[in-house]
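Encoded as structure tokens, the structure appears first; notes follow it.
The values are calculated or read from the model by the stated rules, or taken from the named source; none is laboratory data. Small disclaimer: the values here were computed from a predicted structure and weren't measured. Cβ placement follows ideal geometry from the backbone for every residue including glycine, while neighbour counts extend to all protein chains displayed.
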């Protein structure tokens, strides 16, 4: 048990590096990615449970009492972001599938693991949780409208099934966290914060491995297109993070960077589910390769985050 504690503590100390390594390992060692495939859903939910365990729920309630702010951020993420992306892409001659993928990426809600990553980076995880829950609940309504308006793409979402899955996933995570918080004293949770971060990283790494299943084969067969979509995903992620951060500066740097993180790291898994067989294969390739910047940028941008968050002397 002590060895496991030390291992998770080590993971927590080097969280961003392990996240970056996980997605690269999944790409370079395809059998590992295939082996990790069953961890896709647990890899989404366990980090959310751990983030909720560690959160100050008073801060969570404080944001819930500011519906105007949450609504403004939500509108920016689900409506403003895709419109700006679509307008920016009109200046470039990109393959239609890539333009479609980038616009749909910007229209998606933030990835659920943004809550855990925010906590690891020292950002405003309470704000992340509230916005993630609200935007994920609204994506069945906003995504078809945005896709049809900007791209002429009709998306038929099975709304009752989608909402039931959402309630089970997010509601289950909240219920599990609430039960564990009642069983485990708060002081013990705080004393083991780094170990909990390590456990969160371990499941995020498993998810990063799993999401790369099948991607290596595409990279070998079409290296030129894969390089193009990967570079585009990096540029789009960074651009959206910068825009989100700048737009939210009035909230303070910590919250602004959190908004930026959510703006750039979008839940394309939900979009893939919604598109089903309507998606062009090249769009799916983009969604897969766009996972790479989501897992690598927290490590690459770590010094930038720390510099921005440092007290100004």
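Name the helices (runs of 4 or more DSSP H) wholly within the range 28-74 that hold at least 3 residues that are within 20 Å of the chain's Cα centre (by Cα) and closer than 14 Å to residue 178 by Cα?
40-54
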Task: the range 205-229, residues that are more than 21 Å from the chain's Cα centre (by Cα) and over 14 Å from residue 292 (Cβ atoms) - done: 217, 220, 221, 222, 223, 224, 225
Task: Given (1) part of a helix (DSSP H, G or I); (2) out of contact with any strand residue (DSSP E or B) (no Cβ under 8 Å at 6 or more places or on another chain); (3) surrounded by 17 or more Cβ atoms within 10 Å (Cβ to Cβ), index of the condition residue 263 fails - done: (2)
Open item on the list: Can you confirm whether residue 48 is in contact (Cβ under 8 Å) with a residue 40 or more places away in the chain, out of contact with any strand residue (DSSP E or B) (no Cβ under 6 Å at 6 or more places or on another chain) and more than 28 Å from residue 235 (Cα to Cα)?
Closed with: no
- [ ] Of the numbered conditions (1) over 22 Å from the mean Cα position of the chain (by Cα); (2) crowded, with 18+ Cβ neighbours inside 10 Å, residue 202 fails exactly one; give the number of that condition.
- [x] (1)
TODO: Go through the range 190-239 and count every residue that is assigned to a helix (DSSP H, G or I) and under 30 Å from residue 180 (Cβ atoms).
DONE: 21
Open item on the list: Testing residue 87 on (1) in a helix (DSSP H, G or I); (2) touching a helix residue (DSSP H, G or I) at 6+ places or on another chain (Cβ under 9 Å), one condition comes back false. Which one is that?
Closed with: (2)
Open item on the list: Quick check on my filter: what residues within the range 112-123 are part of a loop (DSSP other than H, G, I, E, B), at pLDDT 85 or above and crowded, with 24+ Cβ neighbours inside 10 Å?
Closed with: 123
- [ ] Scan the range 270-286 and give yes if some residue there is crowded, with 19+ Cβ neighbours inside 10 Å and within 20 Å of residue 128 (Cα to Cα), otherwise no.
- [x] yes
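Right, residue 233: more than 30 Å from residue 96 (Cβ to Cβ), surrounded by 22 or more Cβ atoms within 10 Å (Cβ to Cβ) and modelled with pLDDT of 90 or more or not? Working first, answer last.
Numbers: more than 30 Å from residue 96 (Cβ to Cβ): no; surrounded by 22 or more Cβ atoms within 10 Å (Cβ to Cβ): yes; modelled with pLDDT of 90 or more: yes.
So residue 233 does not fit the description; no.
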TODO: Could you please give the count of residues in the range 239-250 that are in contact with a helix residue (DSSP H, G or I) (Cβ under 7 Å, 6 or more places away or on another chain) and buried (at least 16 other Cβ atoms within 10 Å of the Cβ)?
DONE: 7
